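Read the structure below first, then the notes.
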Amino acid sequence: MKIEIIKLSESKIAEKNILQWPIWSCEVSEFDWEYSDQETCLLLEGEVEVSSEFETVRFSAGDFVVFPKGLKCRWKVMQPVRKHYSFN
């Protein structure tokens, strides 16, 4: 179960209509999370480290991230986050 981190072009962001997705925000914090569905998100602000039994990844503003369904992980928000998100 790998977390995908991708840099999308402006045209891909527009094609996927990402800027119309809801926005989620979070202050500096740490918490456990489990994904009951696949989540895709585009970070607008912030820096995050996510750890699972499979890997530890870091992502920040401008990154497009895909979290697989069923992933159990720990979020460490190092800088306040704002992101567009969608569950599939």
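Read-outs: derived from the displayed coordinates by stated rules, not from any lab. Just so it is clear, the structure is predicted and the values come from calculations on it, not from any experiment. All Cβ positions, even for glycine, are placed from backbone atoms using ideal geometry, and neighbour counts span all protein chains on display.
Structure data summary
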read-out: Which listed residue, of Glu27, Glu45, is more than 26 Å from Glu10 (Cα to Cα) and of a type outside the set (Lys, Arg); value: Glu27
read-out: Residue ranges of strands (runs of 3 or more DSSP E) in the range 1-43 with at least 3 members touching a strand residue (DSSP E or B) at 6+ places or on another chain (Cβ under 8 Å) and loosely packed, with under 12 Cβ neighbours inside 10 Å; value: 29-34
read-out: Filter result for Phe64 (more than 21 Å from Ser9 (Cβ to Cβ) and out of contact with any His (no Cβ under 6 Å at 6 or more places or on another chain)); value: no
read-out: Boolean, Glu47 is under 11 Å from the mean Cα position of the chain (by Cα) and not basic (Lys, Arg); value: yes
read-out: Evaluation of Val65 against (1) surrounded by fewer than 16 Cβ atoms within 10 Å (Cβ to Cβ); (2) touching a residue at least 60 places away in the same chain (Cβ under 8 Å); (3) under 13 Å from Lys2 (Cβ atoms) (one fails), failing number; value: (1)
